[in-house]
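A short reminder: the numbers here are calculations on the coordinates, not readings from a lab. Remember, predicted model here, so these are calculated numbers, not experimental data. Every residue, glycine among them, receives a Cβ derived from its backbone with ideal geometry; neighbour counts consider all protein chains shown.
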Amino acid sequence: MSSIKVNPPGGSYEIKIEEGILSRAGQEIKKISGAGKLFVVTDENVYALYGETLRKTLAGAGFAVNFHVLKPGERSKSMRSLERLLSAMAKADVTRTDAVVALGGGVAGDIAGFASAVYMRGIACIQIPTTLLAQIDSSVGGKTGVDLPEGKNLAGAFHQPKAVLIDPSVLKTLGGREFRDGMAEMVKYACIADKSMFDALMEGDLQMEKLITDCCDIKRRIVEEDERDTGLRMVLNFGHTLGHALEASAKYGRTHGRSVAAGMAHITNSSERLGLTEKGTAAQLIRLLKKYSLPFKIPGGREQAIMEAIRKDKKQLSGKLNLVLLKQIGSCYIYPVGIQEMEKFL
Ligand code: GLY
């Protein structure tokens, strides 16, 4: 079992990583929350797997429990879906002293987090992430939100969770594709901050509890220093400028992890070619991506659509984009580029 204390300005909380913690969530939440009612947000797939286990442990700890079950997939991360969720909370008489519990992947976590940020001007949210991607990234750090037709995550709020409970045993029920999606994000952490994690992944040494803990600890360091994403936190976007654009240009048809994998490889090939990254770095990265059956190329003929998506990207500040480039494996830096210069990286 491991535990990480996160201390950003927006509120401290603990991340607990432990096999089986999902089935003991009721007692864990009781230790940190005086809520009478817990409003659980999940999706149909996750509900079928873990809904009853969670209901039992929460009810067993004395909480009144409501479930709000979303359709699986990114489409549930919309303003309409948020409105339905907020109405359901109001109908269930959720009060300011109650709490939301997000059970699931990034979609459930982001929309539940956003609902808890705005419902009655903010109530507590406990994250119980069930995908690898959510366990090492989206459940930690307080970014919440929904997509708009104009782009991903365009409406949202920073709202730190009250606790994050991570049960690595639930990863056994993930499909191979979903697992690989999370591995792309793990490769990202290794690339930007941890050469020894990169080497362990290359050796295929997948001690999941340790790897999840190490990723969450990297994210802790970053969000403690830059909770609101105005500086250092941008390094978490390594591969994401191209990745998000690729995702958007495919109308969200390509998963986040696969898009980011291709984005990391492409940007590193380009930065190496431009003399901005140590030689040989892209080859090492591509070898690791291949090992986990992740894409390492952006599909040909998409440059126009990708540039269009980049122009719309919310990270474009006054015509500048902050690209994250590797110095070498395990170390990165922020490189601001104008939109014209961006074309050199495609
Ligand atoms: N997923 C990137 C961040 O939390 O900043």
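The residues packed around residue 20, meaning those with a beta-carbon under 14 Å from its beta-carbon, carry a net charge of -1 if Lys and Arg are +1 and Asp and Glu are -1.
Close amide H pairs (under 5 Å, H built 1.01 Å from N) link residue 323 with 335, 337, residues at least 5 positions away or on another chain.
Database remark: amide H of residue 100 closer than 5 angstrom to the amide H of 39, 124, 125, 126 (H placed geometrically; neighbours at sequence offset of 5 or more, or on other chains; Pro and chain starts carry no H). Amide H to amide H distances under 5 Å link residue 67 with 40, where only residues 5 or more positions off or on other chains count and H is placed in the peptide plane. Dipole magnitude for the range 18-113: about 280 debye, using +1 per Lys or Arg Cβ and -1 per Asp or Glu Cβ, origin at the Cα centre.
Please report the antiparallel percentage of DSSP beta bridges with both residues in the chain, rounded to the nearest 5. Kindly include the intermediate steps, with their values, before the conclusion.
Working: 19 of 42 bridges.
Approximately 45 percent, going by the DSSP bridge assignments.
Sort 21, 192 so that the residue with the fewest other Cβ atoms within 10 Å of its own Cβ comes first and the one with the most comes last. Mind showing how you got there, number by number?
On the way: 21 20, 192 24.
Fewest-to-most ranking of 21, 192: 21, 192.
Springs between alpha-carbon pairs under 10 angstrom, Gaussian network model over the chain: which of 49, 326, 285 fluctuates most? Highest fluctuation of the listed residues: 49. Taking all Cα pairs closer than 8 Å and separated by 6 or more residues, the relative contact order of the range 205-346 comes to 24 percent.
Roughly how many debye, to the nearest 20, is the charge dipole of the chain about its Cα centre, given +1 on each Lys and Arg Cβ, -1 on each Asp and Glu Cβ, and no other charges?
On the way: 47 positive and 39 negative charges, 96 e Å.
Here the size comes out at about 460 debye.
Rounded to the nearest 20 debye, the dipole size of the range 176-345 about its Cα centre is 540 debye, using +1 on the Cβ of Lys and Arg and -1 on the Cβ of Asp and Glu.
Report note on the peptides 174-186, 155-167: ranked by the mean count of other C-beta atoms within 10 Å, highest first, their order is 155-167, 174-186. Secondary structure note: in the range 2-173, about 30% of the DSSP beta bridges are antiparallel. The fewest-to-most ranking of 97, 213 by surrounding Cβ atoms within 10 Å reads 97, 213. Kindly provide the trypsin sites (Lys or Arg not before Pro) of the range 181-281 that DSSP labels as loop, not H, G, I, E or B, and whose Cβ sees at most 12 other Cβ atoms within 10 Å. Here the sparse-neighbourhood loop sites are 251, 279.
When the chain is treated as a GNM with alpha-carbon contacts under 10 Å, the residue of 105, 231, 319 showing the greatest mean-square fluctuation is 319. Counting Lys and Arg as +1 and Asp and Glu as -1 over every other residue whose Cβ lies under 15 Å from the Cβ of residue 31, the net charge comes to +2.
Using the average count of surrounding beta-carbon atoms within 10 Å as a protection proxy, the listed peptides 237-247, 299-309, 81-91 rank, highest first, as 237-247, 81-91, 299-309.
For the chain, what is the calculated [θ] at 222 nm in deg cm²/dmol (nearest 500), taking -39500 (n - 2.57) for each run of four or more DSSP H residues and dividing by its residue count? The partial results should precede the final answer.
Numbers: 12 runs with 144 residues, N = 346.
Computed mean residue ellipticity for the chain: -13000 deg cm²/dmol.
If you take all other residues with their beta carbon under 10 Å from the beta carbon of residue 143, and give Lys and Arg +1 and Asp and Glu -1, the sum is -2.
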